[in-house]
Amino acid sequence: MSDEPIARTSRRDFLRSTALAGAGLVAGSATAGASGPDPKIVEVQDWASSFGDPVDATPYGMPIRFESHVVRRNVEWLTESPVSSINFTPIHALEGTITPQGCAFERHHSGAIELSKADYRLMINGLVDTPLVFTFEDLLRFPRSVTTAFCECAANGGMEWAGAQLEGCQYTQGMIHNMEYTGVPLRLLLEEAGVKPEGKWVYAEGADASSNGRSLPLDKALDDVMVAFFANGEALRKEHGYPVRLVVPGWEGNMWVKWLRRLGVYDQAVESREETSKYTDLMPDGRARKWTWVMDAKSVITSPSPQVPIRHGKGPLVISGLAWSGNGRITRVDVSLDGGVNWQSARLSGLALPKALTRFHLDIDWNGEELLLQSRAVDETGYVQPTKDQLREIRGLNNVYHNNGIQTWWVKADGEVENVEVA
Ligand code: MTE
Ligand code: CO
């Protein structure tokens with residue numbers, strides 16, 4: 001489009017007159033002041049007075065600097081060392097359902113390694129007809145599939161078992177990401193090697209020092225598990241297992257082996273080197289539940305939340321949140337404004353894909369009074385997200401993992417939001 005100076009002058013005049021006439025059209029808008037027309041509307045701005053960046057200024061783009069607060073964050077006192085640690089997705093600042101790789105939480109047991117496609121090998125051995133070793137190029141020649149799935153660390157919400165602790169849904173619920181993966185169904189690779197009838201378990205191992213070895217029952221391995229190499233349309237990032245990771249839809253994050261290097265087929269589960277007793281749920285009677293792989297239905301209101309207080313005062317308020325279930329699709333999300341006494345159904349916005357994040361919205365007219373905001377997810381099996389107390393009645397207080405209890409945000413009259421629990 002031509003943008004001659006002469007045209008700009010006349011457009012400016014046009015804008016000035018319409019801005020004056022139109023002032024006050026947007027109720028409550030900052031533009032309609034007694035002090036006169038808004039200069040942002042009626043004056044030519046710096047960014048319109050000269051050229052912007054040329055097309056090749058950023059061959060691979062980063063978010064604009066005004067969004068630099070939308071980043072992963074960690075809680076330093078949670079872990080002893082940053083190479084065996086976790087950080088959190090800024091879910092309070094994201095919308096829709098797809099998590100950009102650049103701010104998706106990371107969990108490493110021995111740091112993120114740099115493994116090139118040229119150095120990459122994947123071995124299948126154990127109870128198979130033909131032990132095989134694939135290069136990255138080999139994997140590219142298998143038929144591909146595409147699937148969107150959430151990956152939630154079993155420890156998500158783990159600090160909240162004994163009561164509200166961390167301020168911000170990034171910290172209470174941010175050990176989760178949701179990406180669109182492309183890769184080879186694990187079933188096809190296992191078929192290529194030929195699983196012997198005695199083979200019942202697949203032991204998946206990573207190339208990092210920790211190996212994060214995990215045993216998957218063969219049924220799951222043949223069902224929807226993927227050997228993935230693309231996420232959100234581009235190569236996996238180093239932090240998420242470049243060049244190849246396992247995607248295990250609906251199951252806890254520690255099964256999603258990164259930098260995948262070996263799949264061993266066995267007649268029983270191989271207990272990994274040091275994690276065996278770690279991912280279990282200690283019950284009140286001292287016994288422990290193990291192999292609790294599926295992540296039950298859960299939800300959280302991402303905005304408003306402690307990091308996203310209400311700044312605009314009373315009136316229209318968009319309540320936005322995420323819901324997910326490792327058992328299938330989300331069918332309903334209820335929202336309570338009064339700590340679980342009354343509930344109303346939220347709108348499921350966009351697709352409600354199985355074992356993937358689902359976005360919900362509820363538009364209310366906030367009267368400026370305090371709220372006790374809660375959300376409650378229901379999935380296609382009929383499972384209803386429990387309260388934290390309902391979970392504690394069964395599981396006690398010794399747990400770290402699998403806390404899918406209802407989250408409460410206390411919205412105060414000044415719009416500030418705090419992490420609380422209601423009795
Ligand atoms: N795979 C390897 N090889 N090494 C690891 O430390 N961490 C596991 C899993 N896969 C891990 C791994 C855990 S506990 C989780 S929650 C997920 O990776 C996290 O995946 P992300 O770092 O892409 O978020
Ligand atoms: Co984890």
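Of the candidates Gly157, Gly174, Gly206, the single residue that is among the small types (Gly, Ala, Ser), within 16 Å of ligand 2 (Cβ to nearest atom), buried (at least 20 other Cβ atoms within 10 Å of the Cβ) and without any contact (Cβ under 8 Å) to a residue 60 or more places away in the chain is Gly206. Select from the stretch 372-405 the residues that are open to solvent by less than 50 Å² (accessible area, probe 1.4 Å), assigned to a loop (DSSP other than H, G, I, E, B) and within 16 Å of Gly339 (Cα to Cα) and list them in ascending order. Gln385, Pro386, Gly405, listed by residue number. Just one of the listed residues (Ser116, Ser84) is small (Gly, Ala, Ser), farther than 17 Å from Gln170 by Cβ and away from ligand 2 (no atom under 16 Å from the Cβ), namely Ser116.
Condition check ((1) touching a residue at least 24 places away in the same chain (Cβ under 8 Å); (2) within 18 Å of Trp410 (Cα to Cα); (3) surrounded by 14 or more Cβ atoms within 10 Å (Cβ to Cβ)) across all residues:
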site	(1), (2), (3)
Trp324	yes, no, yes
Asn342	no, yes, no
Leu353	yes, no, yes
Glu370	yes, yes, no
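To keep it simple, each residue is scored yes or no on (1) at pLDDT below 95; (2) at positive phi; (3) over 14 Å from the mean Cα position of the chain (by Cα).
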position: Asn74; (1), (2), (3): yes, no, yes
position: Thr79; (1), (2), (3): yes, no, yes
position: Ser85; (1), (2), (3): yes, no, yes
position: Phe88; (1), (2), (3): no, no, no
position: Ala93; (1), (2), (3): no, no, no
position: Gly96; (1), (2), (3): no, yes, no
position: Gln101; (1), (2), (3): no, no, no
position: His108; (1), (2), (3): no, no, yes
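Taking helices (runs of 4 or more DSSP H) that do not extend beyond the stretch 140-231, which have at least 3 residues that are more than 20 Å from Arg121 (Cα to Cα)? Don't jump to the end; show me each part of the working.
Values: elements: 169-173, 186-193, 218-223.
Because the criterion is at least 3 residues that are more than 20 Å from Arg121 (Cα to Cα), the helices (runs of 4 or more DSSP H) in the stretch 140-231 that meet it are 169-173, 218-223.
Quick grid of which residues meet (1) within 13 Å of ligand 2 (Cβ to nearest atom); (2) among the hydroxyl-bearing types (Ser, Thr, Tyr); (3) part of a loop (DSSP other than H, G, I, E, B); (4) open to solvent by 10 Å² or more (accessible area, probe 1.4 Å):
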| residue | (1), (2), (3), (4) |
| --- | --- |
| Glu239 | no, no, no, yes |
| Tyr242 | no, yes, yes, yes |
| Pro249 | no, no, yes, no |
| Val257 | yes, no, yes, no |
| Arg261 | no, no, no, yes |
| Gly264 | no, no, no, no |
| Gln268 | no, no, yes, yes |
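With the requirement that a residue be surrounded by 15 or more Cβ atoms within 10 Å (Cβ to Cβ), assigned to a strand (DSSP E or B) and of a type outside the set (Val, Ile, Thr), what does the stretch 296-322 give you? Walk me through it before giving the result.
Going through the stretch 296-322, the residues surrounded by 15 or more Cβ atoms within 10 Å (Cβ to Cβ) turn out to be 296-310, 317, 319-322.
From what's left, assigned to a strand (DSSP E or B): 298-303, 305, 308, 317, 319-322.
Scanning the stretch 296-322 gives Lys298, Ser299, Ser303, Ser305, Leu317, Ser320, Gly321, Leu322.
Every condition in (1) open to solvent by 50 Å² or more (accessible area, probe 1.4 Å); (2) under 27 Å from Thr387 (Cα atoms); (3) in contact with a helix residue (DSSP H, G or I) (Cβ under 7 Å, 6 or more places away or on another chain) is met by Ala162 except one, and the failing one is (3).
The values are calculated or read from the model by the stated rules, or taken from the named source; none is laboratory data. Quick caveat: nothing in here was measured; it's all calculated off a predicted structure. Using ideal geometry, Cβ is built from the backbone for each residue, glycine included, and neighbour counts are taken over all protein chains shown. For the accessible areas, the whole protein counts, side chains as well, though only heavy atoms, and no ligand, DNA or RNA atoms are used. Shrake-Rupley method; radii C 1.70, N 1.55, O 1.52, S 1.80 Å.
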